[in-house]
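Data first, discussion second: the structure below is written as structure tokens.
The values are calculated or read from the model by the stated rules, or taken from the named source; none is laboratory data. Worth saying up front: this structure is predicted, and the values here are computed from it rather than measured. Here the Cβ positions follow ideal geometry from the backbone for every residue, glycine too, while neighbour counts run over all protein chains shown.
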Amino acid sequence: MTTRVLMEGISKRFDAVHALTGVNLTLHPGEVHTIAGENGSGKSTLLKILAGVLKPDAGSIAIDGTAVEFPDIRAAINHGVTMVSQELSLVPHLGVAENVFLGHNQTRNAFGIDWKDTDRRSLEILKRLNLSVNPRAEVSSLPQHEQQLVEIARALASQTKVLLLDEPTSSLAPAEVEALFNVVRQLRDDGVSIVMISHRMSEMLAISDRFTVLRDSKFIDTSTRNGVDENWLIDRMVLNKPKAATKRVKSDEPQRVVMEVKSLSDFAGSFENISFNIHEGEIVGLAGLAGAGRTELVETIVGAYSRRSGEVFINGKKIGHNTRSTMNSGIALVPDDRRLKSTIHEMSVRDNLLLAVHGRPAKNRSRKKEEKIVNSWVDKFSIKVKNLDSPISALSGGNQQKVVIARCLVSKPKVLILDEATRGIDLGAKAEIYEILRALAREGLAILVVSSEITEIFEISDRVLVMHAGELTADLDRSTIKESDVVSAATGVLV
Amino acid sequence: MKRVMKLPTVSSLPAWFGILVLEIMLLIAMAILQPVFFSGSNLSNIVRSSAVPIILGIGMTFTILTAGIDLSVGSVLAFTGIVLSGLITHMPRAAAVIATIALVTLIVGGINGFLIGKLGLNSFVITLGSLGIFRGISYLVTNGTTRSIDTGPLINTLGDGNVGPIPGPFLVVIFVSIISIYALKSTYFGRDVFAVGGNEFAAKLAGIFTSRVKMTVYFISAFLAALAGVMQVGRLQAASPTIGAGLELTVVAGVLLGGTRLSGGVGSITGTVIGLLFLQTVSNSLTIQGVSSYWQQVVTGVLLGAAVLFDRIRIVYSGRSKRGEESNVTKE
């Protein structure tokens, strides 16, 4: 087989962090090549280097046997390499055809751009992608998956030989994924080399002809489809495979109720009349679809928003209305959006971890005592941080989240609420967080886990609550629960 | 990978470092051009004339750190003088000073703090309103005239006189700076100020009383504006409704020159002191060189633009690697 792209010894680092160390990648014409690896393994960096977004510190790139250098994206496109990134880069208020030929060689007539010819040529390309839209339609009026195809059409308009797809399926529904894969297969049969990054194991296995695995910024292995299965990939992607989930032994004696929520409603009407309770040492999952009111519910419980009606009790005592008093009563929340709601980006790791430690405003903070608290949590959660005084934004997502969880635990809560706590965190860190939660539950902490991932809910809950459209639609015990019960309760189908 | 030279990276230096270098270069240049610049009287003149803007700037730093702003400080400066001129005829001077500062702090801090901190209204709009209100009241009360005040030794020392060989206003600046640096770096309140400016909702979820923090910074700003007002009276031996018109913008410029970010959460008192000292040195140097005072405004504007530009370059330069890390290591 001939080689279309040969990347050899590619290295790249950002300050002290090695993003890639001596990575090789070979692409043949007419293949779908998946780059697999955990978050932070260097996949995106490799793609960005091939697309001319980043410049490598070392290594060479050859296309069809000739050495090339890409000082910018334009140079890569001229050599037939185009990237379709996660965040689509279309101009929303321009037409489809205009977007397809944005920055390309549009034909001109005496009056400027020849729109008829542009329309005709974009229709040809769109047809290859099985996309039937009006080329004059505004791009923003198309659904997400069609916009993605328009972006691929733009790549085809520049005669692309190598198409890089960075998590193309992350926001697509199953049927749309299938449609996209049909297009990808057809392009492959036309001789285009396609490189893909995906986090969904089943998709990788369904579409790829070849795999390259990266781990810790290094090249690990490459193989054709034959002989590759889920285990083959996981073995190579994860160094320390997450330990098999140790199921918690639930003691038989009835546990004390720690938190009781009684007919709670909020002013915005995001949820109505919610009642439930959580016992000591229990992990309760709160499932539901996006927009079911789960985030609003937990943020109201901790006092970020005012209640319209209802009460919250901790150990039988009514608790207050603002975030400080609920915290003092023993409720802590790990919010769902780390960037928007958890971290103070410019603030040091140390101060972020200690953010929920309060004292009289004018009180001098004791550095020694703080140092001890911070170090103990950094050890306990094995948070990877070089300098505690560097801003928290320098840490990886998983480590930032551990800092936020530690922040919640410093105040020794009785109830810990986690809202989508493992979103955007790689597998290893996810497993570590589950292990931390189980250990905390064993010590008697009551835990409420809000999650949209059913597998996560099943992985760690003793009991599952389900919300649909602002109402609690199910309260299911772990021992009898079926996945289908959760799904039907979450989608509003009667159980 | 090998590193040829180990220089401190641009991102590891404090934001005010560039201004400090410029200040030193300016001092050296002036020493060569105009020997009179380094005369004792001129240096103490720079110190004296920068004291009031620096005190206002320290208050401004607190409000900007919470992602707010206090545009009323120039008007409050004048308003304080008028209040003092009224009270000083009825009671001993020391009592009049204390009463004036307390009264102005309560009124101005109360209004700005309540509306911005408690009700969550926009700081720019609210303090633009108080700017007009207190300037207007000052004109109304005095009918636009200047009142001369027999200040006595206390007020005079605060604003103009010497304590031994050291200018009184210099001591006030040192004292206020040290307390403010301590408050921001070593107390829970200081931590909360940075947290509110950095990410208000996150601060709230972490149990910080965000509205109380915001209210407090407007009280601090009002208090320091009142203190500066008394110092100004000490310097001029008079109270005038026109004092400090437009000064708030010079103060904001100095604070931003010192590396405090208008979007909140990043900044320092040290930067503010250096930034305003620099602006004052520039204006003094231009005056000594015989450059028209109209040019001084142009120079200030250019400096501010340049400072913001350099800060942007600094962020991009240090952020390029950070952004790379984010998209590769901490991809969300």
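Structure values in brief
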item: Residue list for region A:127-179, restricted to those being more than 24 Å from A:Glu203 (Cβ to Cβ) and not charged (D, E, K, R); result: A:Ser132, A:Val133, A:Asn134, A:Pro135, A:Ala137, A:Val139, A:Ser140, A:Ser141, A:Ala157, A:Ser158, A:Gln159
item: Selection from region A:331-347 of residues that are among the β-branched types (Val, Ile, Thr) and either within 20 Å of the chain's Cα centre (by Cα) or at the interface with chain B (Cβ under 9 Å from one of its Cβ atoms) (or both); result: A:Val334, A:Thr343, A:Ile344
item: Close pairs from region A:425-440: first outside the structural domain of A:Leu409 (by TED's automatic domain parsing), partner among the basic types (Lys, Arg), Cβ under 6 Å, at least 6 apart; result: none
item: Filtered residue count, region A:330-344, keeping only those that are part of a loop (DSSP other than H, G, I, E, B), out of contact with any Asp or Glu (no Cβ under 6 Å at 6 or more places or on another chain) and crowded, with 18+ Cβ neighbours inside 10 Å; result: 3
item: Qualifying residue in region B:69-80 (condition: touching a residue at least 40 places away in the same chain (Cβ under 8 Å), under 20 Å from the mean Cα position of the chain (by Cα) and over 18 Å from B:Gly136 (Cβ atoms)); result: yes
item: Helices (runs of 4 or more DSSP H) contained entirely in region B:124-200, each with at least 1 residues that are within 14 Å of chain A (Cβ to nearest Cβ); result: B:168-186, B:188-198
item: Residue, nearest to A:Ile417 (Cα to Cα), within region A:314-330, restricted to residues that are more than 10 Å from chain B (Cβ to nearest Cβ) and hydrophobic (A, V, I, L, M, F, W, C); result: A:Ile314
item: Region A:364-386, subset within 11 Å of chain B (Cβ to nearest Cβ) and within 20 Å of A:Ile344 (Cβ to Cβ), residue surrounded by the fewest Cβ atoms within 10 Å (Cβ to Cβ); result: A:Arg367
item: Within region A:227-329, helices (runs of 4 or more DSSP H) holding 2 or more residues that are at pLDDT 90 or above and assigned by TED's automatic domain parsing to the domain that holds A:Ala441; result: A:294-301, A:323-329
item: Residue ID - nearest to A:Glu230 (Cα to Cα), chosen from residues in region A:162-211 that are among the small types (Gly, Ala, Ser) and surrounded by fewer than 20 Cβ atoms within 10 Å (Cβ to Cβ); result: A:Ser202
item: Residues satisfying the stated conditions in region A:392-411, i.e. in contact with a His (Cβ under 9 Å, 6 or more places away or on another chain) and crowded, with 22+ Cβ neighbours inside 10 Å; result: A:Ile392
item: Subset tally (residues that are touching a residue at least 40 places away in the same chain (Cβ under 8 Å) and more than 10 Å from chain B (Cβ to nearest Cβ)) for region A:402-411; result: 5
item: Residues (closer than 14 Å to A:Ser411 by Cβ and more than 7 Å from chain B (Cβ to nearest Cβ)) located in region A:348-362; result: A:Leu353, A:Leu354, A:Val357
item: Test result for B:Gly234, in contact with a Ser or Thr (Cβ under 7 Å, 6 or more places away or on another chain) and not in a loop (DSSP other than H, G, I, E, B); result: yes
item: Which numbered condition A:Asp389 fails, given (1) surrounded by fewer than 21 Cβ atoms within 10 Å (Cβ to Cβ); (2) within 13 Å of chain B (Cβ to nearest Cβ); (3) modelled with pLDDT under 85; result: (3)
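Let's see how each residue does on (1) out of contact with any Ser or Thr (no Cβ under 6 Å at 6 or more places or on another chain); (2) surrounded by fewer than 21 Cβ atoms within 10 Å (Cβ to Cβ); (3) more than 14 Å from every other protein chain (Cβ to nearest Cβ); (4) closer than 28 Å to A:Val150 by Cα:
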{"residue": "A:Lys12", "(1), (2), (3), (4)": "no, no, no, no"}
{"residue": "A:Ile49", "(1), (2), (3), (4)": "yes, no, no, yes"}
{"residue": "A:Pro56", "(1), (2), (3), (4)": "yes, no, no, no"}
{"residue": "A:Pro71", "(1), (2), (3), (4)": "yes, yes, yes, yes"}
{"residue": "A:Asn78", "(1), (2), (3), (4)": "yes, yes, yes, yes"}
